[in-house]
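Here is the structure we will look at.
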Amino acid sequence: MPAVVLIGAQWGDEGKGKTTDFLAEQSQVIARYQGGNNAGHTIVLGTEVYKLHLAPSGIFYPDKLCVIAGGVVLDPAVLLQELDDLRQRGVSIANLRISANAHIIMPYHRLLDELEENERGADKIGTTGRGIGPAYRDKISRSGIRMQDLLEPEALTAKIRSNLAEKNLLLTKIYGRPPLDPEAVSAEYREYGARLAPYVADTALLLNERLNRGERVLFEGAQGVMLDLDHGTYPFVTSSNPVAGGACTGAGVGPMCIDAVVGVIKAYTTRVGAGPFPTELADETGEQLRQRGGEYGATTGRARRCGWLDAVAARYAVRISGISSLTMMKLDVLSGIGPLKICVGYRTADGTVLKDFPLSARLLSQITPVYEEMRGWDEALDGIKEFDRLPAAARDYVRRAEDLIGARAALLSVGPEREQTIVRGGVFP
Ligand code: GDP
Ligand code: IMO
Ligand code: MG
């Protein structure tokens, strides 16, 4: 039962969309298992640029089953808009299935996300403002509304009334905002339910059937290990589990069916939003990476913070998720930026050098990165198709990064398009 989990091994935006699209060709099923429309996965096909927030990045292959599994939180208005856009651009969505268990992002989740962020003042997380945290909170507290509820108009209205009895108190008494009208919200969401009904299914059943048939399922993570609720840089994290283990809980498949875990990394590091980022460059080199890499968020348009490749953090991601191979993206962006640095340790205030990513948030805020310097290269890489054709300095950089991170790069990416990929092999067992 060959399931492959593809995850971000940094702080998100590593190039999961491009990698999923690339690997989807050799898979029969592609499934998103967590997160919501906080994700922005970019796929470039010729002159067309697609930014997917909810649809799996396998959607461009009309013959593949694409699944939005139960671990995803789903904003139905955003999904409907995304599906309309895809359809208008000639992309078939006939093979999309949405889990009846997926939790729904409600208008009060979006509002509370924004209001709570404002309240945090200087301690802002820098969320995407899409209601992700509040929706997962309701799921955990067992008051959430699920996709299946949108198909049961009476029960839906009752649940919305019950939720709004509490949320309206919060909105009015704590935040001084007008209350939401349960009947209007209910009518709006019933309509979404009616439009999405044809796609709703027991996706765990579908996925297990396909796995039992020996089909290859590719699980597409959103965000990244360092943004994981349990294993990331808490509290500057998202509210779900982007780690590989999240695929099992999010999709309803057993861990024994997962044969490989692909960790997607950039050849450098970026982060959007607040929180620790040891190798961040607040200088001209950081700006150079941002400009050359086009490092602006696919969801919010925010400028991404940029820095050197952090092998300590990436090694941590390999450990936490059992990453069996890497795909290293955006190697082309490093052309002409040199010498290059890779972070190999964190120096604490007392001079100790940590080789392992520390769990203590206090310690993490005090460390300075220890770098190994590598020579750079000036040649453009965007037309190169074979590893051996890369400049020697680029090959050295990749090999050194692999040694330090503890996983081999099965794919290298030298541009946003499908074809701009160097295959070294070894993604699939
Ligand atoms: P995701 O969230 O992990 O799917 O990544 P995003 O789509 O948010 O951000 C990655 C960005 O880098 C997108 O704009 C991609 O088109 C682009 N990209 C992906 N791979 C490469 C690459 O190898 N080189 C360059 N220059 N751009 C790339
Ligand atoms: P993809 O899938 C990068 C970040 C936000 C914020 C934190 C919490 O495209 O890699 P949230 O809205 O989830 O409550 O915000 O997580 N974040 C991402 N950063 N890429 C993403 O998705 C992200 N999704 C959330 O910026 O710091
Ligand atoms: Mg993204």
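The values are calculated or read from the model by the stated rules, or taken from the named source; none is laboratory data. Given the structure is predicted, the values throughout are model-derived calculations rather than measurements. Here the Cβ positions follow ideal geometry from the backbone for every residue, glycine too, while neighbour counts run over all protein chains shown.
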task: Sort through Thr270, Thr233 and tell me the only one that's surrounded by 20 or more Cβ atoms within 10 Å (Cβ to Cβ), in contact with a Pro (Cβ under 6 Å, 6 or more places away or on another chain) and of a type outside the set (Lys, Arg).
output: Thr233
- request: Return a yes/no flag: does the range 46-66 have any residue that is in contact with a Ser or Thr (Cβ under 6 Å, 6 or more places away or on another chain) and under 21 Å from Gly254 (Cα atoms).
  value: no
query: Does Asp310 count as surrounded by fewer than 20 Cβ atoms within 10 Å (Cβ to Cβ) and touching a strand residue (DSSP E or B) at 6+ places or on another chain (Cβ under 9 Å)?
result: no
- prompt: Say we look at the range 225-256 and pick out the residues that are part of a loop (DSSP other than H, G, I, E, B) and within 14 Å of ligand 3 (Cβ to nearest atom); which of these is farthest from Gly8 (Cα to Cα)?
  reply: Thr238
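Quick grid of which residues meet (1) away from ligand 3 (no atom under 16 Å from the Cβ); (2) touching a residue at least 40 places away in the same chain (Cβ under 8 Å); (3) farther than 30 Å from Asn163 by Cβ; (4) in contact with a strand residue (DSSP E or B) (Cβ under 7 Å, 6 or more places away or on another chain):
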residue	(1), (2), (3), (4)
Arg195	yes, yes, no, no
Val200	yes, yes, no, yes
Leu207	yes, yes, no, yes
Leu211	yes, yes, yes, yes
Glu215	yes, yes, yes, yes
Leu218	yes, yes, yes, yes
Gln223	no, yes, no, yes
- prompt: Which condition does Thr270 not pass, out of (1) within 16 Å of ligand 3 (Cβ to nearest atom); (2) in contact with a Gly (Cβ under 8 Å, 6 or more places away or on another chain); (3) part of a loop (DSSP other than H, G, I, E, B), if it passes all the others?
  reply: (3)
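Filter the range 319-337 down to residues that are small (Gly, Ala, Ser) and more than 20 Å from the chain's Cα centre (by Cα), then give me how many there are.
Pass one, the range 319-337, residues small (Gly, Ala, Ser): 321-322, 324-325, 335-336.
After this cut, where a residue has to be more than 20 Å from the chain's Cα centre (by Cα) as well, the list is 335-336.
Going through the range 319-337 one residue at a time, the tally reaches 2.
Being more than 16 Å from ligand 3 (Cβ to nearest atom), surrounded by fewer than 24 Cβ atoms within 10 Å (Cβ to Cβ), at positive phi and free of Cβ contacts under 8 Å to residues at least 40 places away in the same chain is true for just one of Gly90, Gly46. Which residue is that? Spell out how you get there, then give the answer.
On the way: Gly46 fails: free of Cβ contacts under 8 Å to residues at least 40 places away in the same chain.
Of Gly90, Gly46, the one residue that is more than 16 Å from ligand 3 (Cβ to nearest atom), surrounded by fewer than 24 Cβ atoms within 10 Å (Cβ to Cβ), at positive phi and free of Cβ contacts under 8 Å to residues at least 40 places away in the same chain is Gly90.
Which of the strands (runs of 3 or more DSSP E) found entirely inside the range 3-111 contain at least 2 residues meeting this: over 19 Å from Thr203 (Cα atoms) and at pLDDT 95 or above?
Details: elements: 3-8, 29-32, 41-45, 48-52, 65-68, 96-99.
In the range 3-111, 3-8, 41-45, 48-52 are the strands (runs of 3 or more DSSP E) which contain 2 or more residues that are over 19 Å from Thr203 (Cα atoms) and at pLDDT 95 or above.
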- request: Specify the residue that is farthest from Leu96 (Cα to Cα); the eligible residues are those in the range 188-212 that are part of a helix (DSSP H, G or I) and either touching a Lys or Arg at 6+ places or on another chain (Cβ under 8 Å) or of a type in the set (Lys, Arg) (or both).
  value: Arg190
- request: Name the single residue, out of those in the range 126-143 being in a loop (DSSP other than H, G, I, E, B), in contact with a helix residue (DSSP H, G or I) (Cβ under 7 Å, 6 or more places away or on another chain) and among the small types (Gly, Ala, Ser), that is farthest from Gly273 (Cα to Cα).
  value: Ser143
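Determine, yes or no, whether Tyr316 is crowded, with 18+ Cβ neighbours inside 10 Å, more than 18 Å from the chain's Cα centre (by Cα) and over 26 Å from Gln420 (Cβ atoms).
no
Among the residues of the range 354-411, how many are assigned to a loop (DSSP other than H, G, I, E, B) and under 22 Å from Val318 (Cβ atoms)?
Step one: list which residues in the range 354-411 are assigned to a loop (DSSP other than H, G, I, E, B), which gives 355-360, 367, 375-386, 390-391, 406-408.
If we keep only those that are under 22 Å from Val318 (Cβ atoms) too, we end up with 355-360, 367, 406-408.
Of the residues in that region, 10 qualify.
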- prompt: Among (1) closer than 16 Å to Val264 by Cβ; (2) touching an Asp or Glu at 6+ places or on another chain (Cβ under 8 Å); (3) among the β-branched types (Val, Ile, Thr), which single condition is Val312 missing?
  reply: (1)
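The rows are residues; the columns are (1) under 25 Å from Leu229 (Cβ atoms); (2) aromatic (Phe, Trp, Tyr); (3) modelled with pLDDT of 95 or more; (4) surrounded by fewer than 15 Cβ atoms within 10 Å (Cβ to Cβ).
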residue: Thr299; (1), (2), (3), (4): yes, no, no, no
residue: Gly322; (1), (2), (3), (4): yes, no, yes, no
residue: Tyr346; (1), (2), (3), (4): yes, yes, yes, no
residue: Ile384; (1), (2), (3), (4): no, no, yes, no
